[in-house]
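In what follows, a structure is listed as structure tokens, so that the remarks can point back to it.
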Amino acid sequence: MNCVTLTLPERDSALLREAYQALCVNLLFSCQERSVIAVTSCGKGEGTTTVSLNIARHLAELGKTVLVLDADLRSSVMAERNAALSAAAGLTEVLNGQCSLDYCLYTTQHQKLHLLFAGACPDNPLELLSGSRFRMLLLELRKQYDYVLVDTPPLGTFVDAAVIAAQCDGAILVIGDRSARRKQAQAVAAQLEKCGKIFGVVRNHTGTRRTG
């Protein structure tokens with residue numbers, strides 16, 4: 001299995017750690033082990049990748065085996081944060097039968113946390129994500145990990161997240177404090193509810209205020 005040093009864009013402050021620890025505890029109460037969870041947003045840049053990686057990191061610190069599956073086959077940013085992995089084989093190659101799952105998995109410096117990058121941008125992302133190979137892959141990953149966090153494209157832009165969420169046990173909706181609009185968030189939440197259970201909403205990019 002390959003190895004990569006995971007880099008997170010946000011500074012590791014005590015306040016941030018406390019927020020993610022509380023989020024993980026709430027998530028553990030909301031779902032059972034061996035859960036597959038979609039993470040999506042209303043629009044681009046709201047932080048689904050950062051939230052997915054941080055949740056995975058803290059779940060791993062709690063002793064859970066966790067995989068972050070990058071299912072944004074349109075404009076993934078996860079591999080781009082590691083320049084050497086910008087062309088790494090991943091989900092696309094696994095679903096196309098070009099590479100085995102084991103070949104594409106990456107370990108990290110955080111014990112029990114693994115990554116599966118998106119891979120090359122395909123011509124038919126929706127077809128791949130709605131096909132039987134993706135369903136079988138999720139079943140296999142469920143056997144190997146306590147939690148699988150599926151980082152998806154924004155549901156307010158692409159329908160991919162709805163297709164993915166319908167195959168998961170539930171979803172987390174990330175709402176960027178500086179970018180999301182109420183009507184759009186309500187529409188995305190309603191669409192997610194049609195696909196399955198929403199475990200909760202993560203309010204991101206809130207910043208700090210003098211009032212606390």
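Name every residue in the stretch 160-194 that is open to solvent by 10 Å² or more (accessible area, probe 1.4 Å), farther than 20 Å from R34 by Cβ, in contact (Cβ under 8 Å) with a residue 40 or more places away in the chain and not in a helix (DSSP H, G or I), in order of residue number.
Passing the criteria: I175, S179, A180, R181.
Filter the stretch 1-59 for residues that are part of a loop (DSSP other than H, G, I, E, B), open to solvent by less than 50 Å² (accessible area, probe 1.4 Å) and touching a Leu at 6+ places or on another chain (Cβ under 8 Å); which is farthest from L141 (Cα to Cα)?
Top of the filtered list is C42.
Specify which of the listed residues (S52, S75) is within 23 Å of A166 (Cα to Cα) and either touching a Lys or Arg at 6+ places or on another chain (Cβ under 7 Å) or at pLDDT below 90 (or both).
Of the residues listed, the single one that is within 23 Å of A166 (Cα to Cα) and either touching a Lys or Arg at 6+ places or on another chain (Cβ under 7 Å) or at pLDDT below 90 (or both) is S75.
Do you know which residues across the stretch 144-201 are more than 20 Å from R74 (Cα to Cα) and among the aromatic types (F, W, Y)?
Y145, Y147, F199 - these are the residues of the stretch 144-201 that are more than 20 Å from R74 (Cα to Cα) and among the aromatic types (F, W, Y).
The values are calculated or read from the model by the stated rules, or taken from the named source; none is laboratory data. These numbers come from a predicted model, not from an experiment. Every residue, glycine among them, receives a Cβ derived from its backbone with ideal geometry; neighbour counts consider all protein chains shown. For accessibility, only protein heavy atoms count, side chains too; no ligands or nucleic acids. Shrake-Rupley method; radii C 1.70, N 1.55, O 1.52, S 1.80 Å.
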